[in-house]
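The values are calculated or read from the model by the stated rules, or taken from the named source; none is laboratory data. Quantities reported herein were computed from a predicted structural model and do not represent experimental measurements. Cβ placement follows ideal geometry from the backbone for every residue including glycine, while neighbour counts extend to all protein chains displayed.
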Amino acid sequence: ALNDRFSIGLTGKVIRRNIGDFANAWGYSFDVGVQYRGERFLLGLNVQDLSTMLQSWSVNQEALTNIEEVFGDALPEGGTELVLPVARFGSGVILPVGPESQLVLGLDVDMAFDGQQAFVLNVGDISFHPRVGTEFLYKGVLAFRAGINRVLLHEGLSLTPSVGTGLHLKQLSIDYGFGDFAGLSSDLGFSHRISLQLRLERPEAGTE
């Protein structure tokens, strides 16, 4: 934290992806974020894969032999994939609920630069992906969350709901999120996300 209002952070990450027994990949990248916290509102900017993620894929050719007719003679091969950065702008309004709790209403907008035009609003090679959500925080410790994504698919506009919870201790936070992988009408199943955060803060004056 730079002061009581501004915070900035940098995260290095290692990504491991698996597609069953067929393929796997390792990726390396960095994320950076900036946040401003006012009395009743929040503003933030997070840039994911700032360095452009480099993913190296390996394909198990033996596992693909049983479905070779799907690909014909051209079976997939391993290779290197570049994942371009995504900028995420976030805003929130803090509403007090009683003496010890609060409700946060949030709006996020992602900006993707891959030119796929996969979201609701597209301008050239830039796609804008809005999200809305809410969080109820009890005594600054226990959080309950819910949100909705709107993704424009070929079949039309699709809703992707999600829910989550979090536990915030003095220097440790644990968060869990659950949602559809690609919308209510998708057959791809569900997504579970668990995160652990450890805050390294300066001790207060007069303490060791």
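At-a-glance table
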read-out: Near pairs, Cβ below 7 angstrom, 6+ apart or cross-chain, from the stretch 6-17 (under 26 Å from Ser58 (Cα atoms) and surrounded by 11 or more Cβ atoms within 10 Å (Cβ to Cβ)) to any residue that is acidic (Asp, Glu) and modelled with pLDDT of 90 or more; value: Thr11/Asp31; Lys13/Asp31
read-out: Complete set of residues in the stretch 27-61 that are assigned to a strand (DSSP E or B) and of a type in the set (A, V, I, L, M); value: Val32, Val34, Leu42, Leu43, Leu45, Val47, Met53, Leu54, Val59
read-out: Residue satisfying condition, being under 30 Å from Gln61 (Cα atoms), under 19 Å from the mean Cα position of the chain (by Cα) and either modelled with pLDDT of 90 or more or of a type in the set (A, V, I, L, M, F, W, C) (or both), within set Val83, Val104; value: Val83
read-out: Wholly enclosed strands (runs of 3 or more DSSP E) of the stretch 110-208 bearing at least 1 residues among the aromatic types (Phe, Trp, Tyr) and at pLDDT below 80; value: 190-198
